[in-house]
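Everything below concerns the one structure shown next.
Each value in this text was obtained by applying a stated rule to the coordinates, not by laboratory testing. Since the model is a prediction, treat every value here as computed from it, not as a measurement. Here the Cβ positions follow ideal geometry from the backbone for every residue, glycine too, while neighbour counts run over all protein chains shown.
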Amino acid sequence: MEIINGLGRRKSAVARVYLRQGKGNILINNKDYKEYFPVNHIQGKVVEPLNIVDVLSNYDIKVNVKGGGVKGQAEAVRLGISRALCKINEEFREPLKAAKLMSRDPRSVERKKYGKPKARKSFQFSKR
């Protein structure tokens, strides 16, 4: 089987996912995913699409991810894996879409406005 790729984005994180037939190894930036994401609930986000379609030990996954923080990177990897799985088998699309793993989360940080310390926060107002 050839290598199938998928792209996932979240906030400012971008993940390029490469899927091929294998034993279930997941490498993120040349590290095991449990080493790269040491927190349990974030590890769960990475393997969530594989658990939904029940192919956790069928594919080897190699991921290059950059930008953003830990959660943004994990969710970008999740979207990339979901997209790659749909390229392999179109029947995977329905359960993944039902679990809301096939859509990119469009939320990102609002830009800072001039005259304010943050995007919406204002300096203390003094009437007198």
Pairs please, first residue from the range 40-56 and part of a loop (DSSP other than H, G, I, E, B), second anywhere and aliphatic (A, V, I, L, M), Cβ atoms under 9 Å, 6+ apart in sequence or on different chains. Val53/Leu85; Val53/Leu96; Val55/Leu85; Val55/Ile88; Leu56/Val47; Leu56/Leu50
Which of the residues that make up the range 1-39 are outside any strand (DSSP E or B) and of a type in the set (Phe, Trp, Tyr)? Tyr33, Tyr36, Phe37
Kindly establish whether Gly68 is touching a Gly at 6+ places or on another chain (Cβ under 6 Å) and either crowded, with 16+ Cβ neighbours inside 10 Å or at positive phi (or both). no
Just to be sure before I move on: is Gly6 surrounded by 15 or more Cβ atoms within 10 Å (Cβ to Cβ) and under 21 Å from Val109 (Cα atoms) in the structure I sent? no
